[in-house]
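Each value in this text was obtained by applying a stated rule to the coordinates, not by laboratory testing. Because the structure is predicted, anything quoted here is derived from the model rather than measured. Glycine gets a Cβ as well: all are built from the backbone with ideal geometry, and neighbour counts include every protein chain shown.
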Amino acid sequence: MQLLLERLYDAPVEHDVERFVFSDRKRLTAVVGADAEHMGDEQVVLVHDEDGVRVGLFLEPDVLERLARKDPMQALEDGNLHDYCTALEGVSHFHYLMWSLARRRSVSLLELELQAEVDKYASALALLLQQRGGAFPQALHGRLFDSVSFLPQTDLEARRRYEEANRRAARYCRALDERYLRSRKSRPEAWVAELRRFFRCGHQEKVRVAGA
């Protein structure tokens with residue numbers, strides 16, 4: 001998944017996410033405390049200490065096991081789409097943080113979530129187009145942006161941030177589809193170029209480009 005994002009955005013990073021993945025919730029609790037029990041199946045963890053910043057990506061063991069049985073990189077389908085998006089969101093957060101830290105760029109929480117929403121859709125779309133011989137997956141946009149839910153324990157501020165990221169990413173991805181992939185003359189190379197420009201935008205520019 002990390003390699004897919006690196007290729008899609010032409011944005012390689014130095015660190016391999018597999019070296020930072022862990023799936024032991026007890027270890028997550030040891031790092032973040034009691035908040036771990038309220039966290040979902042995916043969580044990027046940042047810990048500041050005297051040596052700098054330590055990073056980890058928690059993924060629920062069941063998610064990893066299901067993805068191992070039905071590898072979305074070989075065949076992305078209804079049965080593994082949810083788990084794919086769960087893992088991809090974590091990989092997206094890690095990838096974007098590493099890319100930004102290497103350039104000493106600050107990252108807002110909304111920026112991080114907005115990029116992840118775009119990453120989930122764009123990477124899934126790219127995979128499906130490849131796996132289905134270029135046939136456009138008509139239902140994908142609705143599956144990823146309309147049929148969403150949030151953990152009931154999510155606090156109001158975080159919920160509003162997730163909702164805003166979802167809304168803006170849905171609008172942005174729909175606009176790119178209509179402009180470059182679903183017009184009479186498909187231009188996938190222009191779609192990729194636009195995604196790469198968006199990836200390199202900072203917080204304010206990302207929000208502006210994605211619209212209201």
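Using the Cβ-Cβ distance between MET73 and ASP24 with R0 set to 22 Å, the FRET efficiency from 1/(1 + (r/R0)^6) comes to roughly 0.35.
The Kirkwood hydrodynamic radius of the chain, based on inverse pair distances between different Cα atoms, is 17.9 Å. Summarising the label geometry, the points placed 7 Å from Cα in the beta-carbon direction at SER147 and ARG200 lie 3.7 nm from one another. A full extension of the chain between ALA193 and GLU163 corresponds to an added length of 8.2 nm, given 0.36 nm per residue minus the alpha carbon distance. Under 20 Å Cα to Cα from LYS120, which lysines show up? Leave out anything in the same chain fewer than 8 places away. Cα-Cα hits under 20 Å: LYS70, LYS206.
Figure legend: label point modelled 7 angstrom from the Cα of LEU64 along Cα→Cβ; residues of region 5-20 with amide N under 12 Å from it are 18-20. A crude spin-label estimate for the pair ARG104 and ASP16, with each label 7 Å from Cα along the Cβ direction, gives 3.0 nm. Report note on the peptides 113-122, 36-45, 180-189, 127-136: ranked by the mean count of other C-beta atoms within 10 Å, highest first, their order is 113-122, 36-45, 127-136, 180-189.
Can you give the extra length, in nm with one decimal, that the chain gains between VAL47 and PHE136 once fully stretched, where that is 0.36 nm per residue apart less the Cα-Cα distance? If you can, show how the numbers build up before the last one.
Working: separation 89, 0.36 × 89 = 32.04 nm, distance 4.13 nm.
Contour length minus the Cα-Cα distance gives 27.9 nm.
Helical content alone sets the calculated 222 nm signal of the chain at -18000 deg cm²/dmol, taking -39,500 (n - 2.57) per DSSP H segment of four or more residues and averaging over every residue.
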